[in-house]
Amino acid sequence: MTNPTINITPLPILASNYLWLIRQDLHVWAVDPGDSVELCKYIKSEGLKLKGVLITHSHNDHVGGLEYLLQAYQVPVYAPRHPKIEALAASFFRAVDEGDKLQLFEGVEACVWHVPGHLDEHVAFIVNEADSDIDKKAAGPHLFCGDTLFSAGCGRMFAGPAELYLSSLLRLAALPDATKVYCAHEYTLANLEWALSLLPADAALLDKKRRVQDLLDKGLASLPSTIRDEKQANLFLRTDEKALRQILSKWHKLQLNSADEYFSVLRQHKDHWA
Ligand SMILES: [Zn+2]
């Protein structure tokens, strides 16, 4: 049996984005190249061969590097249907939608889930090493969730509605606990500070904050997170909890009833936070 074959690393780009690289030996896939200058340098310096690009959604900080990248490397761009992405990727565009499966490397597959809410077209890629042995099962799948799910937070609700966004998040939360979560931004600490402003004594939030601070102090990314961590330390996945609901009702000053309403008010609270 072989050990896990892929290596996943973040390339920090723009103000706070991570461009994730999924690498096997000298072959690499790039997720959400919002800028490609650093990526082209990295590919050259490491002597890599770019196999293709995965795109989660159409925001500039996820697709802005496509044009330049495709001039340097003529590779397929797997992305949800959206006029802007289709124009940027031109003949390299390959549409993906719910349930599609892509083979990234031999024995390594990416499954596409449609997860609307941040934007309508948003997709997530769930990468599995199909020829799993016990070690790989323990490692869990790898979730590339773009701006749908952040560690201890979620994306702004540009598309909505709340019901749909919440169902996308809860669907991701139902992945195995060991699933590694590769978010597209380094927002974790700020998200935890916001969450602690609501629940200052919450043990899971305090524990996650300590671990995140430790990683950041060492100059490392706070990511990947795990689904286990997110279920414990992400308030957007905890809107059924009584203590949180009481705080939100008080803040909103109106009676809230459904999970969607609590989610929507929690998102508004985050939007208003400094
Ligand atoms: Zn976005």
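A short reminder: the numbers here are calculations on the coordinates, not readings from a lab. These numbers come from a predicted model, not from an experiment. Ideal geometry is used to build each Cβ from the backbone, glycine not excepted, and the neighbour counts take in all protein chains shown.
Along the Cα-to-C-beta direction of Trp251, a point sits 7 Å from the Cα; which residues of region 155-198 have their amide N less than 11 Å from that point?
194-198
Grab the Cα-Cα distance for Arg171 and Arg228, subtract it from 0.36 nm times how many residues apart they are, and report the gain in nm with one decimal.
Working: separation 57, 0.36 × 57 = 20.52 nm, distance 1.36 nm.
Stretched fully, the Arg171-Arg228 segment lengthens by 19.2 nm.
Quick one: what do you get for region 7-272 if you divide its Cα Rg by 2.2 N^0.38 Å? Please list the in-between numbers first.
Working: Rg = 18.5 Å, N = 266, 2.2 N^0.38 = 18.4 Å.
The reported ratio for this selection is 1.01.
Among His59, Leu88, Leu70, pick out the residue whose Cα is farthest towards the positive end of the charge dipole of the chain, where Lys and Arg carry +1 and Asp and Glu carry -1 on C-beta, about the Cα centre.
Farthest towards the positive pole: His59.
About its Cα centre, how strong a charge dipole does the chain have in debye, to the nearest 20, once Lys and Arg get +1 and Asp and Glu get -1 at the Cβ? Walk me through the intermediate numbers first.
Details: 28 positive and 35 negative charges, 104 e Å.
That gives a dipole near 500 debye.
Under a point-charge model restricted to the Cβ atoms of Lys and Arg (+1) and Asp and Glu (-1), what is the dipole moment magnitude of region 62-102 relative to its Cα centre, in debye to the nearest 20? Present the calculation step by step, with values, prior to reporting the outcome.
Working: 4 positive and 5 negative charges, 11 e Å.
So the dipole magnitude of region 62-102 works out to roughly 60 debye.
Just need the relative contact order of region 172-259 here, percent rounded to a whole number, with Cα pairs under 8 Å and 6+ apart.
Numbers: 71 pairs, mean separation 32.2, N = 88.
Relative contact order here is 37 percent.
Beta carbons within 10 angstrom, averaged per residue: use that to sort the peptides 117-129, 236-248, highest first.
Values: 117-129: 23.2, 236-248: 16.8.
With the highest mean Cβ count within 10 Å placed first, the list reads 117-129, 236-248.
Count the net charge of all other residues whose Cβ sits under 14 Å from the Cβ of Leu169, scoring Lys and Arg as +1 and Asp and Glu as -1. Each step should come with its number before you reach the end.
Details: positive: Arg156, Arg171, Lys231, Arg238, Arg267, Lys270; negative: Asp147, Glu163, Glu230, Asp240, Asp260.
Net charge in that neighbourhood comes out at +1.
Calculate the spin-label point distance for Ser258 paired with Ala15, positioning each point 7 Å from the Cα along the beta-carbon direction, and give it in nanometres.
According to this spin-label approximation, the distance is 3.4 nm.
Among Gly155, Ala110, Ser197, which residue has its Cα positioned farthest towards the positive end of the charge dipole of region 7-272, with +1 placed on the Cβ of Lys and Arg, -1 on the Cβ of Asp and Glu, and the dipole taken about the Cα centre?
Selected residue: Ser197.
If you take every DSSP beta bridge fully contained in the chain, what fraction is antiparallel? Give it as a percent rounded to 5. Numbers along the way, then the final one.
On the way: 31 of 45 bridges.
Antiparallel bridges: around 70 percent, rounded to the nearest 5.
Order 68-81, 183-196 from most to least packed using the mean count of other Cβ atoms within 10 Å.
Working: 68-81: 18.4, 183-196: 21.9.
With the highest mean Cβ count within 10 Å placed first, the list reads 183-196, 68-81.
Shape verdict for region 1-137, please, from the Cα gyration tensor: rounded (a/c under 1.5), prolate (a/b greater than b/c) or oblate. Walk me through the intermediate numbers first.
Values: a/c = 1.74, a/b = 1.21, b/c = 1.44.
Judged from the Cα gyration tensor, region 1-137 comes out oblate (a/c at least 1.5, b/c at or above a/b).
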